[in-house]
1. Kindly list the residues of region 134-159 that lie in the label zone of T112, defined by a backbone N under 18 Å from the point 7 Å along the Cα-to-C-beta vector.
2. Please say if region 110-161 is rounded, prolate or oblate, where rounded means a/c under 1.5 for a ≥ b ≥ c the square roots of the C-alpha gyration tensor eigenvalues, and otherwise the choice is prolate for a/b larger than b/c and oblate otherwise?
3. Run the numbers for S127 and T10: contour at 0.36 nm per residue of separation, minus the present Cα-Cα distance, in nm.
Amino acid sequence: MSSSTTNPPTAEEIVASPAVEGDLNAEMRRAAKPFSRTTLVLAGLVVLAIAFGGGAWTHAAFGSSSSSSSTPNRPTGGTQGGQQGGTGQQGGGFRGGGGRGTTGTVDRVDGTTVYVKTAQGADVKVSTSDSTTVGVTQPGKLADLKPGATVVVQGQAGDDGTVAAQAITQQAAR
């Protein structure tokens, strides 16, 4: 055998040699930090971008869809989504799955039209259709709505202020 060939280390030599060249404590600290500062900053930016995208999607899905041409001659104010301001529906509004709506008490039911009096005293004419759902703690019909009952109407208001109801829900008596 020639002396120029190196043999692989034996098991005894491997065990006898140090595991780390240099400071073991420094090596352990470096191994304990799996993410660098740059990685953490980039992860934070990704989280912010996702939050921004989620907010934009939420606004597009549930945000205000009013425009100045679709809401002329309507009084401002009212309650909309639990906040004061904005363009309301005849003195009061409610943001629901079907868009804008009105909250008040049933004044009367005339055929397929319900007349609702808002807390501000305004009368709102509510038109219904076969697709309008009426809930009175359980699904109901227009005939189940009685004068004096508090209701939430979800639907889109027309130019004349009449709300085309998608859903009417009677609130529990207090």
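1. 134-135, 140-145, 154-159
2. oblate
3. Full extension of this stretch gives 32.9 nm more.
Just so you know, all these numbers are worked out from the coordinates, no wet-lab data involved. Owing to the predicted nature of the structure, the values given are computational and were not obtained by experimental measurement. Virtual Cβ from ideal backbone geometry, glycine too; neighbours counted across all protein chains shown.
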